[in-house]
Amino acid sequence: YIMSGLPIVLNTAKYEVELPISKKTVEYRPYLVKEEKQLMLAIESQDPAMIMKTVQDIIDACTFGEIKSKNLPTAELELLFLKLRSKSVGETSRIGYKCTHCGHSNELVVNLEDVQIDIGEAKPNKVMITDKIGIKLKYPTASEVTKIVNSGEKTDINNIFGLITACIEAIFDEENVYDAKNLTQKEITDFVESLNSKQFEKIKEFFESIPKLRKDVSFTCEKCGTYNPLVLEGLQNFFG
């Protein structure tokens, strides 16, 4: 006897998360086994571009088409994925960190539900280069980060520079606003390269103040009793 069809498992669990930068409340569901399999294959490949693309695909699928993950600031993309992982696999993550004094590996248990985006003291997105010339910047999105990853650049300097030029929305002076969409990549690059060190430092300060996924998990070594200050930042640091 052959069954005409297997029973259908209904996944009805839905949750909400508030995105503090975009000011949106997003509904989401846990990811399914097929989606977890895709993620495991991507991680196994050790290909950063493939991992980023898979994370975006899973977020898009699990948020019912409400958002486009590629357009999210990276901190919000990371927060959303952390919430998905928490509801799909478990609310805690076990991470091993070595004591800075004796080298003993301590197991830390991080409650993923407690991890939030640290808005901190974010700098204004309009940066005055001179008294009359300024730049309007935006937070990097998954789309910009993916482009940098796919560019094949091997040096951090080129990656940072590429990200900065990608996040320029406009250049303005007293009389005109030059939308980056109407400028060539060469024009934007030439403009940034024409800045002096002090002017470029102002732009770097904006990027250094960008909101991040952040949690203080400082611990006392179970072997030698040394206090180890530790702050986790960015999605990859929250998993063992």
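The values are calculated or read from the model by the stated rules, or taken from the named source; none is laboratory data. Because the structure is predicted, anything quoted here is derived from the model rather than measured. Heads up, the Cβs are rebuilt from the backbone with ideal geometry, glycines too, and the neighbour counts pull from every protein chain shown. These area figures cover heavy atoms from the full protein model, side chains too; ligands, DNA and RNA do not enter into them. Shrake-Rupley method; radii C 1.70, N 1.55, O 1.52, S 1.80 Å.
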Answer from ILE164, ILE171, ILE203 - the residue that is modelled with pLDDT of 95 or more and in contact with a helix residue (DSSP H, G or I) (Cβ under 7 Å, 6 or more places away or on another chain): ILE171
Near pairs, Cβ below 7 angstrom, 6+ apart or cross-chain, from the stretch 191-205 (part of a loop (DSSP other than H, G, I, E, B)) to any residue that is open to solvent by less than 80 Å² (accessible area, probe 1.4 Å): LEU195/ILE129
Cβ-Cβ under 7 Å pairs, at least 6 apart or on other chains, the stretch 217-229 side among the small types (Gly, Ala, Ser) and modelled with pLDDT of 95 or more, far side open to solvent by 50 Å² or more (accessible area, probe 1.4 Å) and assigned to a loop (DSSP other than H, G, I, E, B): SER218/PRO229
Filtered residues of the stretch 99-133 (kept if closer than 21 Å to ASN228 by Cβ and without any contact (Cβ under 8 Å) to a residue 12 or more places away in the chain): GLY103, SER105
Those residues of the stretch 117-151 which are open to solvent by 70 Å² or more (accessible area, probe 1.4 Å) and acidic (Asp, Glu), in sequence order: GLU121, ASP131
Number of the exception - THR165 against (1) hydroxyl-bearing (Ser, Thr, Tyr); (2) within 30 Å of LYS53 (Cα to Cα); (3) over 24 Å from the mean Cα position of the chain (by Cα): (3)
In the stretch 124-139, residue nearest to the chain's Cα centre (by Cα) [restricted to those that are outside any strand (DSSP E or B) and charged (D, E, K, R)]: LYS138
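Okay, residues lined up against (1) open to solvent by 20 Å² or more (accessible area, probe 1.4 Å); (2) over 23 Å from PRO140 (Cα atoms); (3) of a type outside the set (Ser, Thr, Tyr):
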site: GLN38; (1), (2), (3): yes, yes, yes
site: LYS53; (1), (2), (3): yes, no, yes
site: ASP60; (1), (2), (3): yes, no, yes
site: GLY65; (1), (2), (3): yes, no, yes
site: THR92; (1), (2), (3): yes, yes, no
site: CYS99; (1), (2), (3): no, yes, yes
site: GLY103; (1), (2), (3): yes, yes, yes
site: VAL115; (1), (2), (3): no, no, yes
Yes/no for PRO73 being open to solvent by 70 Å² or more (accessible area, probe 1.4 Å) and farther than 30 Å from GLU222 by Cβ: no
Residue in the stretch 215-225 that is polar (S, T, N, Q), over 18 Å from the mean Cα position of the chain (by Cα) and within 27 Å of ARG85 (Cα to Cα) present: yes
LYS147, sole failed condition from (1) part of a loop (DSSP other than H, G, I, E, B); (2) modelled with pLDDT under 90; (3) of a type in the set (Lys, Arg): (1)
